[in-house]
Amino acid sequence: MYALPLQVVDSFLQQYHMGQVFLALFAVGLLGTLPLKSKVVTGLHIIAFGLLFILTPLSMMGNAFIWRFVGIALVFVGPMLVISSK
């Protein structure tokens with residue numbers, strides 16, 4: 001019953017590696033938090049994706065170390081945004 005949708009998702013995701021997928025989800029999620037006008041929610045979103053970029057194995061990210069640097073940058077920027085909102 002669920003085989004066809006999973007095959008469609010799998011064939012789509014085989015073209016990209018997880019770093020690109022996470023970046024797209026980060027951008028869509030960030031656009032979703034902007035209407036809330038809450039720096040705390042936006043900061044927590046940034047922190048969560050920063051940790052996701054750091055903790056995901058490099059083999060799933062196309063062996064590109066740049067995604068770890070993106071994660072480290074997001075982990076530093078997120079708390080600054082949360083603290084500046086208070």
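Since every read-out is calculated from the coordinates, none of them should be taken as a lab result. Since this is a predicted model, take the numbers as computed values, not measurements. We place every Cβ from the backbone using ideal geometry, glycine too, and count neighbours over all the protein chains shown.
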Query - For segment 17-84: relative contact order, % (alpha-carbon pairs under 8 angstrom, 6 or more apart) - result: 41 percent
Requested in this report: Using label points projected 7 Å from each Cα along Cα→Cβ, tell me how many nm separate Leu55 and Phe12, to one decimal.
Outcome: 2.5 nm
Query - Under Karplus coefficients 6.51, -1.76 and 1.60, residue-wise ³J(HN,Hα) of segment 33-44 in Hz, glycine/proline x - result: 7, 4, x, 6, 6, 10, 5, 5, 5, 5, x, 5
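In whole angstrom, how long is each semi-axis of the equivalent ellipsoid of the chain, when you take the square root of 5 times every eigenvalue of its Cα gyration tensor and sort them from largest down?
Values: eigenvalues 152, 62, 13 Å².
Equivalent ellipsoid semi-axes, largest first: 28, 18, 8 Å.
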Requested in this report: Quick one: what are the phi-derived ³J(HN,Hα) couplings along segment 47-63, Karplus 6.51/-1.76/1.60 with θ = phi - 60°, whole Hz, x for glycine and proline?
Outcome: 4, 4, 6, x, 5, 5, 5, 6, 7, 6, x, 5, 5, 7, 9, x, 6
**Report entry** Calculated from backbone phi, Karplus (6.51, -1.76, 1.60) coupling profile of segment 69-86 in Hz, x at Gly/Pro
**Finding:** 5, 4, x, 5, 5, 5, 5, 7, 6, x, x, 4, 5, 5, 5, 5, 7, 8
